[in-house]
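Data block below; observations after.
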Amino acid sequence: MASIRRIDWIHPSCRDLVIEELALEPTLQAKFVESMSLQGIKLSISDSGGLAGERRLPLMKDSRNWEILHGRCLSIAREDPYSDVSDLLTTLHSAALESTDVDWRQRFIRTIGAVCEEVCTRYDASGTIIKAERLFAYCQASVLVKPFSPVPQLDITWESLVDDIRSQLIKERTVIFLTRTIFIEWMRFAEVVRANEPRFLRAAGFPDKYHAEIKRLLTLLNSEIHADYMLDSASEYEAEAQRIEALDEVLGMQTRPPSTY
């Protein structure tokens with residue numbers, strides 16, 4: 001029978017029981033902290049709990065655990081999927097903002113800075129396309145660090161998105177496909193960059209250099225908005241509902257804040 005090396009998570013109803021047991025048993029606590037996953041980190045730095053909400057960072061009472069937490073966060077930044085890294089940064093950012101202890105807040109910010117440095121290096125070395133929501137999580141967390149953590153290189157992602165949108169604009173006659181894939185991602189990415197590194201967009205010539213693409217998109221949108229389809233079946237009504245939803249998604253890009261990405 002294979003041994004169990006890690007329990008990633010359990011039912012939320014058991015959460016307080018687990019925390020209480022770990023907080024009372026230093027040996028168990030040390031083993032947990034040394035091998036904790038992202039979910040374990042969320043558990044260890046939870047800033048509320050107990051019957052009256054009086055519990056604060058139950059597994060961080062020992063100063064050694066802060067260094068272990070720091071190391072585990074760096075390990076996730078170097079090795080785990082980018083989705084988990086973004087989740088980690090969001091978790092640390094929230095913990096820092098909600099912390100009522102100045103020392104704890106500074107510890108969180110120190111870890112955020114180190115994680116951002118690892119993530120930036122990893123992105124730049126791999127040339128990975130950066131999703132808009134992950135860039136947003138990175139920039140949101142890095143604002144707490146002084147001096148600010150540098151933004152990962154954006155050129156590869158931008159060029160990839162522009163190439164994709166241009167190739168699809170040549171082929172597509174409607175916005176349905178575009179809204180479900182690259183168009184929304186391009187607009188989201190541009191909005192996050194505009195809010196955090198506007199110099200990049202100026203250097204890229206956005207939006208002036210992209211008049212042809214924007215004009216084509218507006219033409220597609222106009223034709224979609226004024227299209228009048230004869231609907232005779234349930235499947236056709238379903239397709240029409242999807243079309244309207246897609247149009248709403250595009251038009252709503254102008255009012256939707258980046259935090260909803």
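The values are calculated or read from the model by the stated rules, or taken from the named source; none is laboratory data. Bear in mind that the values here come from a model prediction, so they are computed numbers and not experimental data. Side chains are part of the model used for accessible areas, which takes the heavy atoms of the whole protein and leaves out ligands, DNA and RNA. Shrake-Rupley method; radii C 1.70, N 1.55, O 1.52, S 1.80 Å.
Would you mind calculating the gained length between ILE244 and ASP124 on full extension (0.36 nm times residue separation, minus the Cα-Cα distance), in nm to one decimal?
On the way: separation 120, 0.36 × 120 = 43.20 nm, distance 3.87 nm.
That works out to 39.3 nm of additional length.
So, with a 1.4 angstrom probe, what is the percent of accessible area on the stretch 44-165 that is carbon and sulfur?
Taking all protein chains in place, the stretch 44-165 shows 51 percent carbon and sulfur surface.
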Among LYS61/LYS146; LYS31/LYS61; LYS131/LYS209; LYS171/LYS209, the pairs whose Cα-Cα distance exceeds 24 Å are LYS61/LYS146
